[in-house]
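Shown next, in structure tokens, is the structure this report addresses.
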Ligand code: FES
């Protein structure tokens, strides 16, 4: 079990943060999202070209904060499922990462 975020409540609602674990070939970038009280965790790699969603630092949501946004080419994703609804990877999904919340502490399973 790997610690992902010590206190989930540092995130606004809606809010998101990129958490990088490991380095070199063991480096993994996760996107932790808090939205309407629910937590989602995805691998932070757009299914289109594999870039992190926030090529604009700290910008994870579309304009009205209803979907996740890849700022490279504008793909948008459902927050709950990671399903791409608009953009060049429409129909694909962000890869969900299994997690466990213990109190306010978030772990990868
Ligand atoms: S890399 Fe995300 S939309 Fe192109």
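Looking only at region 62-84, which residues are loosely packed, with under 14 Cβ neighbours inside 10 Å and either part of a strand (DSSP E or B) or near the ligand (Cβ under 10 Å from one of its atoms) (or both)?
73, 74
Just to be sure before I move on: is residue 54 within 13 Å of the ligand (Cβ to nearest atom), assigned to a loop (DSSP other than H, G, I, E, B) and touching a strand residue (DSSP E or B) at 6+ places or on another chain (Cβ under 7 Å) in the structure I sent?
yes
Check region 85-93 and report whether any residue there is at pLDDT 95 or above, buried (at least 16 other Cβ atoms within 10 Å of the Cβ), in contact with a strand residue (DSSP E or B) (Cβ under 8 Å, 6 or more places away or on another chain) and under 22 Å from residue 10 (Cα atoms).
The answer is no; no qualifying residue exists.
Within the group 19, 32, which residue is closer than 20 Å to residue 104 by Cβ, surrounded by 13 or more Cβ atoms within 10 Å (Cβ to Cβ) and in contact with a helix residue (DSSP H, G or I) (Cβ under 8 Å, 6 or more places away or on another chain)?
Result: 32 is the single residue among 19, 32 that is closer than 20 Å to residue 104 by Cβ, surrounded by 13 or more Cβ atoms within 10 Å (Cβ to Cβ) and in contact with a helix residue (DSSP H, G or I) (Cβ under 8 Å, 6 or more places away or on another chain).
Any idea which of (1) free of Cβ contacts under 8 Å to residues at least 60 places away in the same chain; (2) under 21 Å from residue 85 (Cβ atoms); (3) outside any loop (DSSP other than H, G, I, E, B) is the one residue 41 doesn't satisfy?
(1)
Quick check on my filter: what residues within region 85-99 are within 13 Å of the ligand (Cβ to nearest atom) and assigned to a strand (DSSP E or B)?
85, 86, 93
The values are calculated or read from the model by the stated rules, or taken from the named source; none is laboratory data. Computed from a prediction, not measured in an experiment: that's the story for all the values here. Because the Cβ atoms are built from the backbone with ideal geometry, glycine has one as well, and the counts that use them run over all protein chains shown.
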